[in-house]
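To keep things clear, I will list the structure first and then write my remarks on it.
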Amino acid sequence: MASFRNKDGRVIVDNLISMIQENAAHLSDIDLTISDGDHGISMKKGFMTCRERLEGKEVDLSMALKILGEALFVELDGVMGRLYGTFFQEMANACQECDIIDARIFGKMLHAAITGIQSISQAKVGDKTLMDTLIPALTAYENALDARTSFSEALQDMTAAAEIGKNSTKNLIAKIGRASCLGERSRGVLDTGATSCWLILRSMATTITALLK
């Protein structure tokens, strides 16, 4: 069964940091259409703080994810800091005792991350939030594993479902967060959290696929 070593997985977080840095302006442009436009700026600040905390340290994936979660709790304002901080810290907790990460372990990491978010947020599919990306992604991934597909194929299914979920938010009315005050005017624009979440899952899938042995 394809897998990678936890101690080799730090590159997953390194690549997430680079990806957010590259997409920060795009995320803020989306956010500005129905909110204050700070999502990309805040995400970049949080991820760059993580880069500073990782500099010069030899850490495995679980520790890198933990450090990322801590940085986002501190640097991201309000709800998104709690959501993404929880997301990455729960992923870290789910793999901290694992030397080898295979498809089953990654599924546990993803499930734990989403369960963590659900413990602090009532957002669900259809509310125009990052859950419109996460829930379909998890479902597709778990269905792929049930069908006994490979780790890389399951990641492809996850990413494809995440993109469909992200795109679905364009036609939704925001029910949670600042944009919910706009009502019908929030329709016609992608949700920024759903978009950043898709970028994160896509980046993770790409890096993991490259690590698989």
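Rule-based calculations on the coordinates, nothing more; no lab input. Since we're looking at a predicted model, the values are computed, not measured. For neighbour counting, all protein chains shown are included, and Cβ atoms are generated from backbone atoms with ideal geometry for every residue, glycine included.
Things worth noting here:
- Helix 103-120 and the long axis of the chain differ in direction by around 30°, with both axes built from C-alpha atoms.
- Farthest toward positive dipole pole in the chain [+1 Lys/Arg, -1 Asp/Glu at C-beta], among 189, 25, 64: 189
- Gain on full stretching of the segment that runs from residue 153 to residue 48 - 0.36 nm per residue minus C-alpha separation: 34.7 nm
- Listed by chain and number, the lysines whose C-alpha is less than 29 Å from the C-alpha of residue 66, apart from same-chain residues fewer than 8 away, are 7, 44, 45, 57, 108, 124, 128, 166, 213.
- Helix-derived mean residue ellipticity, 222 nm - over the chain, DSSP H n ≥ 4, -39500 (n - 2.57), to 500: -23500 deg cm²/dmol
- Segment 116-210: trypsin sites (Lys or Arg not before Pro) in DSSP loop, at most 13 other beta carbons within 10 Å: 124, 148
- Subtracting the Cα-Cα distance of residue 11 and residue 41 from 0.36 nm times their residue separation leaves 8.5 nm of extension gain.
- Projecting the Cα atoms of 11, 173, 41 onto the dipole axis of segment 3-211, where Lys and Arg carry +1 and Asp and Glu carry -1 at the beta carbon, places 173 farthest toward the positive end.
- Taking other residues whose beta carbon is less than 15 angstrom from the beta carbon of residue 160, and scoring Lys, Arg as +1 and Asp, Glu as -1, yields -3.
- Total charge dipole magnitude, the chain, about the Cα centre, Cβ charges on Lys, Arg, Asp, Glu only, Debye to nearest 20: 200 debye
- Computing FRET efficiency as 1/(1 + (r/R0)^6) for residue 170 and residue 100, where r is the C-beta to C-beta distance and R0 is 45 Å, gives about 0.70.
- Qualifying GluC sites (Glu not before Pro) for segment 76-143 [loop in DSSP, other Cβ within 10 Å: at most 14]: 97
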